[in-house]
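Only one structure is covered here, and it is reproduced in the block below.
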Amino acid sequence: MRWISSSLKRKLSTLLLFSVLIPLLALGLFAYNMAATTTEEKAKQSGTSILRQMSTNLEFIVHDVENMSLFMIGQKDIQKFLSSDDEDPVKQTQMIEFLSNLVYSKSYISDITIYPLNKYPPVSNATIFDTGLSGDDDERIQHYQSQTKFWTARYETDTASGPKQVISLIRPIRSLNSFRQLGTLVISLDEKAISQILRQANLPGSGDVVLTNSEGNILSSSNAEKNDGNMKDMLPGFQLEGRSGWLNYGEGDNKQTILYDSVADMGWTLTGIMPFAEYRNQNSYVLKLMAIVIVVSVLVVSILVLYFVQRVTNPLIMLTQFMKHSNPEEPLQKYPVETMDEVGQLVRSYNKLSDRIAHLTEQVKQEESYKKEADMQALQAQINPHFLYNTLSSIHWMALMNKDEKIADMVGSLSDFLRFSLNKGEEFCSVEQEVAHAMHYSNIQSIRFPGKFKLQMDIDPALSHTRMLKLLLQPLIENALIHGIQKQPAMGEIKVSAKLESEWMHFMVEDTGVGMDDEKLNEIKRELQAPHDQKMDRERLERGSYGLRNVNRRLHLHYGLQSGLIIESEINKGTVVSFSIPTDTLGGKDIE
């Protein structure tokens, strides 16, 4: 114990091995028990499902035979044949043909025989020399006339095609008018066909299936060696509980799993017999496989535990030695670390501490510099607008005095344009103000380029007082004019529309300019989707999509990624730029 406690490495290795191996062994035993139980349960469930399917098939055959018997006892030709006192060979031949046609499509029916009450011989589709039904013919007929219907046990008939084992449905044929007895109908099932159905069961573990009647007599079996006798002789003391179920029978090597299911309304029972040794063989295989897995797992876990403990303790040992030889009066040197665990993170944090302090100092200096620059820009923004407004106002009045209305109009629009652009530093405005700003810009450009374009506004009146981020429409109109309209010789049109749908405002700027091909359009879309902090070619952006990128970035910053620009264009047909912003944000509330 002292050897273990004196070393952290040995202590961790021992504790981890016990902590892992004990649960691993317990898990192996639990998995084996679960696998053995699951194997048995699956076999029982599978066998029960197979018996249920076979029971359904047998019920179909039985119901088909009984429905056929009901049809035959009420059939007009059969009633007429049995009611006649004369023996007519022609009618007898017709009856035989009729019965043959009924049997032709039913492979599981051995024969159909009608025993007339006052006639002899019986009429059948097959030539029957002898039948295993008890008693002489007359006594047999009289015996079955008193019954309504019933199914016989398995018996043998001697026919022209050889002996056959059959199970028969017997019911009297009565006159439909007087209800007097006319004869007896016997429909026989071929036991070979029933046995073939039972052999298709394929019960787990090569089990056998036996069909018995209400007295326990074996009617048919999937195993020819178990085709005779009574179920009580085959399984002494076996008792059924309910219509279906399963139970274990016997002990030791003779232990068996018995599955049973009833055939509805027949008193017949399907019994599946599966040897319990099959489960032991499967469980033995599972046990061997589990033992191999546990042994391999123990070896792998032991190697991994020792390896990982070595990896964990080595940095601690090296750190201990490093700290032991460090001088507390001097700055600590950086310690090389290759791990990413808690020890490695602790040392990495220490190594980064000095660099972090230097970085924060530099960052504070830069922020102070930016703050001073911002203060200077704010001071200039307070001075320059007044100077520009006064100068433009003087030029405006001088143009009016000289009766130069175009200059006055252009200067007035420029003054309003600059006043709105500065807007006392505010970032939001009403839709009405944004549209007016765009109109001022359009007025200035129309004077510069007379007859080159016309601007059409289609604004939903409900949006007039709704707030939005300013300077969104003017850059889009400028982009449409410079890159779309001015590059074509003909006059162009720019249409600005805005509409309200639900909680969103939808804006669209359309132009009839030269448009763009797919390559150029895709290039602009890539530039718009690029991260905001990504450095772009300023000169290339100024020639193309700098204004669009600026608007798209402002939309993302204030309204989120769902409010970016959507661009559609077709060469020689024009370009459509649209965006949508919500009305329920800070910038979308109505002006009081």
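Every number here is computed from the coordinates shown, using simple stated rules; none is lab data. Computed from a prediction, not measured in an experiment: that's the story for all the values here. Note that each Cβ is placed from the backbone with ideal geometry, even for glycine, and that neighbours are counted across all protein chains shown.
Residues L24, L169, L299, L182, arranged from fewest to most other Cβ atoms within 10 angstrom of their Cβ, appear as L299, L24, L169, L182.
Counting other Cβ atoms within 10 Å as a rough exposure proxy, the listed residues S569, S214 run S214, S569 from fewest neighbours to most. Each residue of the stretch 92-107 was assigned a 3J(HN,Hα) from its phi angle through the Karplus expression (A = 6.51, B = -1.76, C = 1.60, θ = phi - 60°), giving 5, 5, 4, 5, 4, 5, 4, 5, 5, 5, 5, 7, 4, 8, 10, 5 Hz with x at Gly and Pro. Over the stretch 74-194, the pair-distance histogram of Cα-Cα distances with 10 Å bins from zero comes to 13, 48, 34, 5 percent, rounded to whole numbers. Each of Y115, Y249, Y104 has some number of other Cβ atoms within 10 Å of its Cβ, and from fewest to most they run Y104, Y249, Y115.
In plain terms, the chain from S19 to Y155 could stretch by 42.0 nm, reckoned as 0.36 nm per residue minus the Cα-Cα distance. The orientation-averaged shadow of the Cα convex hull for the stretch 189-269, equal to a quarter of the hull surface, comes to 5.7 nm². Note on K454/D584: beta-carbon distance plugged into 1/(1 + (r/R0)^6) with R0 of 30 Å gives a FRET efficiency of 0.30. Each Lys and Arg adds +1 at its Cβ and each Asp and Glu adds -1 at its Cβ; summed about the Cα centre, the stretch 426-588 shows a dipole of about 480 debye. If only the Cβ of Lys and Arg carry +1 and only the Cβ of Asp and Glu carry -1, the dipole of the stretch 421-497 around its Cα centre is close to 320 debye.
Applied to the stretch 553-561, the Karplus parametrisation 6.51 cos²θ - 1.76 cosθ + 1.60 on θ = phi - 60° returns per-residue 3J(HN,Hα) values of 5, 5, 4, 5, 5, 9, 10, x, 5 Hz, with x for Gly and Pro. With semi-axes defined as the square roots of five times the eigenvalues of the C-alpha gyration tensor, the equivalent ellipsoid of the stretch 426-588 measures 24, 21, 14 Å, largest first. Computed over neighbours whose Cβ is under 15 Å from that of D458, the net charge equals -4, Lys and Arg +1, Asp and Glu -1.
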